[in-house]
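Participant: Following this message is one structure expressed as structure tokens.
Here, each number is a calculation from the coordinates, and none is a lab measurement. Worth saying up front: this structure is predicted, and the values here are computed from it rather than measured. Here Cβ is always computed from backbone atoms with ideal geometry, including for glycine, and neighbour counts include all displayed protein chains.
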Amino acid sequence: MTSPGTTAVRTLAGKCLCGAVHYTVADEFTYALNCHCADCRRATGSAFKPFAGIERHKLAITQGADTLLIHGEEDAGDIHCGKCGSFLYSVVREGMFVHVTLGTLVDDPTIRPSAHIFVGSKAPWFTINDDLPQHQGHAGAD
């Protein structure tokens, strides 16, 4: 129930490929970007990583927390399903934010990527065919 003058926050569902890990996240993302850096390309096995950033406390693992695989540190690493390997999110900004991989969302988020970042190191075999701004490096999000 909400108080007068307040609105309920929409919650999105997400999960890994095999279904072992499920999560929920508030549809209150601060930013969304397409990252073309070599690390994101290797981690996703794709030309770029579409992600959306949000405060860490707004994401909750609802199933399979015991199967998570953390690559890196607890406050600066990539979180995968330990069974199928799906890349779910990255923990950034000293553990305060997460970058949710948009491809793992079941529900459609309100936000859309607003720019391409690290296009200076993008895959040479990939051509960006949209009109979003392109930044050679970082565009303000960690």
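Participant: Over segment 86-135, what relative contact order in percent results from Cα pairs under 8 Å that are six or more residues apart? Show your work: numbers first, answer last.
Facilitator: Numbers: 33 pairs, mean separation 13.8, N = 50.
Reported relative contact order: 28 percent.
Participant: Can you bin segment 5-56 into rounded, prolate or oblate? Criterion: square roots of the alpha carbon gyration tensor eigenvalues sorted a ≥ b ≥ c, rounded for a/c under 1.5, prolate for a/b above b/c, oblate for the rest.
Facilitator: In terms of gyration-tensor shape, oblate.
Participant: For the chain, what is the calculated [θ] at 222 nm in deg cm²/dmol (nearest 500), taking -39500 (n - 2.57) for each run of four or more DSSP H residues and dividing by its residue count? Write out the running numbers ahead of the final one.
Facilitator: Working: 1 runs with 7 residues, N = 142.
Estimated from H runs of four or more residues: -1000 deg cm²/dmol.
Participant: Can you compute the charge dipole magnitude of segment 11-121 about its Cα centre, using +1 on each Lys and Arg Cβ and -1 on each Asp and Glu Cβ, nothing else charged? Give it in debye, rounded to the nearest 20. Don't skip to the end; give the middle numbers.
Facilitator: Details: 9 positive and 12 negative charges, 73 e Å.
Here segment 11-121 has a charge dipole of around 360 debye.
Participant: Tell me the trypsin sites (Lys or Arg not before Pro) within segment 80-142 that lie in a loop according to DSSP and have at most 16 other beta-carbon atoms within 10 Å. Before the final figure, lay out each step's value.
Facilitator: On the way: sites: LYS83, ARG93, LYS122; in loops: LYS83, ARG93, LYS122.
Loop-located and lightly packed - LYS83, ARG93.
Participant: While we're looking at this one, here's another question. For a quick check of your reading of the filter: which chymotrypsin sites (Phe, Trp or Tyr not before Pro) in segment 39-142 sit in a DSSP loop and have no more than 15 other Cβ atoms within 10 Å?
Facilitator: Details: sites: PHE48, PHE51, PHE87, TYR89, PHE97, PHE118, TRP125, PHE126; in loops: PHE48, PHE118, TRP125, PHE126.
In loop regions of segment 39-142 (DSSP not H, G, I, E or B), the sparsely surrounded chymotrypsin sites (Phe, Trp or Tyr not before Pro) are TRP125, PHE126.
Participant: Dimensions of the chain along principal axes (Cα, Å, largest first)?
Facilitator: Computed over the Cα atoms, the extents are 50, 39, 27 Å.
Participant: In vacuo Debye scattering of segment 44-120, one point per C-alpha: log10 I(q)/I(0) at q = 0.13, 0.14 Å⁻¹?
Facilitator: So the normalised log intensities work out to -0.40, -0.46.
Participant: How do SER90, SER114 line up, fewest other C-beta atoms within 10 Å first?
Facilitator: Numbers: SER90 24, SER114 13.
With the sparsest Cβ surroundings first, the list reads SER114, SER90.
Participant: Here is a follow-up. Compute the relative contact order of the chain as a whole-number percentage, counting only Cα pairs closer than 8 Å that sit 6 or more residues apart in sequence.
Facilitator: Working: 299 pairs, mean separation 37.5, N = 142.
Taking the mean separation of contacting Cα pairs over the length of the chain, I get 26 percent.
Participant: Residue-wise, which Karplus ³J(HN,Hα) couplings in Hz belong to segment 110-117, taking 6.51 cos²θ - 1.76 cosθ + 1.60, θ = phi - 60°, and x for glycine or proline?
Facilitator: Computed from phi, the couplings for segment 110-117 are 5, 7, 10, x, 9, 6, 9, 10 Hz.
Participant: Run the count for the chain, please: Lys pairs, Cα-Cα under 23 angstrom, 8 or more apart or on different chains. Don't skip to the answer; put the middle values down first.
Facilitator: Numbers: LYS15/LYS49; LYS15/LYS58; LYS15/LYS83; LYS49/LYS58; LYS49/LYS83; LYS49/LYS122.
Total qualifying Lys-Lys pairs in the chain comes to 6.
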